[in-house]
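Since the structure comes first, as structure tokens, the remarks are kept for the end.
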Ligand code: AMP
């Protein structure tokens with residue numbers, strides 16, 4: 001595995017290597033990240049992982065300052081997984097000058113996450129487009145955990161005819177149900193409370209499986225579990241633009257966000273309601289504690305189904 005700091009060097013190392021899969025990350029790896037790398041490894045000749053904590057997507061400086069990091073551990077995990085190239089650009093390499101250009105995705109950037117984190121979606125879009133332009137991968141892998149990010153990237157790629165195939169990967173959960181996130185290590189005594197979010201979504205998924213399609217009923221399952229002041233939003237949305245709907249017909253998400261102490265958690269379930277016996281996609285669940293909480297290195301960390 002090669003580790004490089006510049007986009008030009010990464011591009012040079014990719015050329016002539018066949019189909020290139022890109023996994024953009026902010027590091028501090030967990031099984032969610034590893035599942036994206038696995039999927040790229042299975043589908044591509046060369047898997048490239050970027051590690052860059054993108055300041056443009058943090059609207060709160062204290063959130064950026066305490067974002068967890070462990071570069072050595074990330075490199076070990078990537079290597080064990082068979083990643084070919086890690087690109088870890090310095091802040092100066094990414095933006096020698098503060099960018100004047102921002103990628104804006106009308107509508108999509110204002111709702112849900114955009115309501116609570118102004119500038120976040122545009123900050124992600126700007127850096128993702130920059131990485132795609134500089135590295136020119138054939139495929140780019142994103143997790144459904146960040147549903148709005150995935151929907152946004154799919155739309156940007158279509159709107160701008162970027163020559164890449166966006167691959168959405170299933171959400172991976174901890175064994176107790178919490179959606180895996182690097183920020184979960186910051187939860188501490190709020191952990192038990194934070195489990196209420198996935199619990200609420202799982203009971204909404206049960207209702208969906210029983211045929212329920214109404215937003216009010218599905219959202220109420222989450223409101224019932226999560227203490228009132230913690231929940232920021234839960235909204236049934238159709239899948240292509242994340243427009244809220246009163247009742248789902250076709251493909252959708254039920255995304256939710258909540259704040260437990262100083263840690264903000266997002267989660268969702270993916271819903272495809274076209275078929276009569278449709279069941280909610282609750283994601284994959286680990287059957288052991290996440291590697292986030294151990295010093296041990298990778299073993300059987302990637303869930304298989
Ligand atoms: P991050 O490092 O948090 O920016 O995430 C990098 C990529 O990993 C994004 O495409 C995320 O959607 C994806 N990801 C993060 N957490 C999960 C998870 N629990 N399951 C699946 N994908 C995830």
Log entry, pairs with first residue in segment 9-24 being within 17 Å of residue 90 (Cα to Cα), second being in a helix (DSSP H, G or I) and more than 16 Å from the ligand (Cβ to nearest atom), beta carbons closer than 8 Å, six or more apart or on different chains, reads 10/134; 11/134
Can you tell me which residues in segment 148-158 are away from the ligand (no atom under 13 Å from the Cβ) and touching a residue at least 24 places away in the same chain (Cβ under 8 Å)? 155, 156, 157
Checking the condition buried (at least 18 other Cβ atoms within 10 Å of the Cβ), more than 16 Å from the ligand (Cβ to nearest atom), in a loop (DSSP other than H, G, I, E, B) and at pLDDT 95 or above, which residue from 83, 103 passes? 103
Taking segment 115-147 and the residues there that are closer than 16 Å to residue 158 by Cβ and not in a helix (DSSP H, G or I), the one that is farthest from the ligand (Cβ to nearest atom) would be 139
Based on this model, can you work out whether residue 162 counts as in a loop (DSSP other than H, G, I, E, B), without any contact (Cβ under 8 Å) to a residue 40 or more places away in the chain and either over 21 Å from residue 55 (Cα atoms) or within 18 Å of the chain's Cα centre (by Cα) (or both)? yes
Every residue from segment 136-163 that is farther than 23 Å from residue 119 by Cβ and surrounded by fewer than 21 Cβ atoms within 10 Å (Cβ to Cβ): 136, 138, 139, 161, 163
Being within 14 Å of the ligand (Cβ to nearest atom), within 16 Å of the chain's Cα centre (by Cα) and either assigned to a loop (DSSP other than H, G, I, E, B) or on the phi < 0 side of the Ramachandran plot (or both) is the requirement here; does residue 194 meet it? no
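The values are calculated or read from the model by the stated rules, or taken from the named source; none is laboratory data. Nothing here was measured: the structure is a model prediction, and the numbers come from that model. Every residue, glycine among them, receives a Cβ derived from its backbone with ideal geometry; neighbour counts consider all protein chains shown.
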